[in-house]
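Quick note: the coordinates plus some simple rules give every number you see, no bench work behind them. Small disclaimer: the values here were computed from a predicted structure and weren't measured. Positions of Cβ are generated from backbone atoms using ideal geometry, with glycine treated the same way; all protein chains shown enter the neighbour counts.
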């Protein structure tokens, strides 16, 4: 019986599991789960940047009239676009020549690669989910533009989406810098009030352990309402107004790359957010060709991803900071 070569097994194993890897990344984080539910996971097919169109001003031609009044028809420049760089991530799946010999049968080889792929999946999922909270400067600016960039403590400190928040006030998120967890209910009411416009309001609040415990501790027992939809998705939630409050960070609380920053709660309006993986680089093998190490008896395949987290309405996003 002729055994398939290791390149075929590596490639087909990755291809078979690529959809699962992408789904695991989505299902492993409440933000991506919500974006998926709202149809906000949108692939893109190419281009130098990822663009998100946005409305930054009202049409000045709007007005009252009567009878034969002349209506203004001047061009109204009310649309622009935020632009985001394409970020890339990858994880190699390697097997040595000795392991090829030791696992010569097809079943043994497939079992070995399945085990290796499970490690690769979790590693890449953790990398991307951690990147959702980053400020985009990690690894020399190669990291995803996460919530610490979208909803920073100082919305005027740096450009986001190639738009300067210091110049354009419509591109400033709201921040409540409290430093006192005992005032969390009043603080969160303030954040909420500054993020509501008509029916636009936050629908998801991502909180670390400090913020979560402070909020839960401030509630009366009859105010603890859970959301069964989110619970069914694996995330236990309570409510603030009608937004889901999700604990993220857990045992990794305090590490920026693993969850929400310590003493922080992000008030997110996911209507204006998108997760944008590239259509041809969403957890797929980087190349189906054989990849040999030049100075080692080993072969490798690489699971790769490209894209970014984007926003078309920064003014609808908020942040509470309870750090003294």
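Tabulated results
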item	result
Tail fraction, Cα-Cα pairs, region 177-222, threshold 13 Å, whole percent	62
Efficiency of FRET between residue 236 and residue 88 - r from beta-carbon atoms, R0 41 angstrom, step 0.05	0.80
Value of D in µm² per second that Stokes-Einstein yields for region 110-179, Kirkwood Rh from Cα pairs, at 10 °C (1.306 mPa s)	112
Computed label-point distance, nm, for sites residue 297 and residue 49 using a 7 Å Cα→Cβ extension	5.1
Extension reserve of the residue 197-residue 167 stretch, reckoned as 0.36 nm per residue once the Cα distance is removed	8.6 nm
Ranked 219, 147, 132, criterion: other C-beta atoms within 10 Å, fewest first	219, 132, 147
Packing-based ranking, highest mean first, of 268-281, 179-192 given that Cβ atoms within 10 Å are counted	268-281, 179-192
